[in-house]
1. Determine which single condition residue 18 fails, assuming it passes every other condition in (1) loosely packed, with under 10 Cβ neighbours inside 10 Å; (2) at pLDDT 80 or above.
2. Does any residue of region 48-55 turn out to be in a loop (DSSP other than H, G, I, E, B) and modelled with pLDDT of 75 or more?
3. Being under 21 Å from residue 101 (Cβ atoms), over 24 Å from the mean Cα position of the chain (by Cα), exposed (fewer than 11 other Cβ atoms within 10 Å of the Cβ) and modelled with pLDDT under 75 is the requirement here; does residue 6 meet it?
4. Tally time: how many residues in region 68-103 are under 14 Å from the mean Cα position of the chain (by Cα) and farther than 21 Å from residue 14 by Cβ?
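The values are calculated or read from the model by the stated rules, or taken from the named source; none is laboratory data. What you see is a predicted model, and the numbers here were worked out from it, not measured in a lab. When we count neighbours, we look across all protein chains shown, and the Cβ atoms used for this are built from the backbone with ideal geometry, even at glycine.
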Amino acid sequence: MQDDPQSFWSFVNSRRTDIPQIFTYTYGNENITEPQQIANSFAQHFKSVFNPSTTRNVNIESEMNNLQVIQIPNITSYDIRMALKNIKPKKAIRPDGVPQYIYIYICYRQIVNANN
């Protein structure tokens, strides 16, 4: 962020909207705009497609016994800093639309706060 504040503010401004958004959801042949009605129509749809006979009882203890153990090495703040340095901040936008440099900044701040 400190290296490229213009990109940060461009991103923030692109996410702002002063116009209230009206969502329209179509369920069956009906257009619905009220949030409570939209929620109710989703509930009605999922209730209609839910099949309780496909659920199964799970024995947690037997499932836990079948898990494999994964050994994860210790990861230090140095390892994280080195990984962050290898990220190209302007290379690509993440699928969630947040630029890489914002994640890099947040991670660096977390490391600094954790070490203080």
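1. It fails just one condition, (2).
2. Taking region 48-55 as the starting set, the residues that turn out to be in a loop (DSSP other than H, G, I, E, B) are 50-51, 55.
So of that shortlist, the ones also modelled with pLDDT of 75 or more come out as 50.
Yes, the conditions are met somewhere in region 48-55.
3. Details: under 21 Å from residue 101 (Cβ atoms): yes; over 24 Å from the mean Cα position of the chain (by Cα): yes; exposed (fewer than 11 other Cβ atoms within 10 Å of the Cβ): yes; modelled with pLDDT under 75: no.
It is false that residue 6 is under 21 Å from residue 101 (Cβ atoms), over 24 Å from the mean Cα position of the chain (by Cα), exposed (fewer than 11 other Cβ atoms within 10 Å of the Cβ) and modelled with pLDDT under 75.
4. Total satisfying the criteria: 0.
To keep it simple, each residue is scored yes or no on (1) at pLDDT 80 or above; (2) touching a strand residue (DSSP E or B) at 6+ places or on another chain (Cβ under 8 Å).
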| residue | (1), (2) |
| --- | --- |
| 41 | yes, yes |
| 46 | yes, no |
| 57 | no, no |
| 76 | yes, no |
| 93 | no, yes |
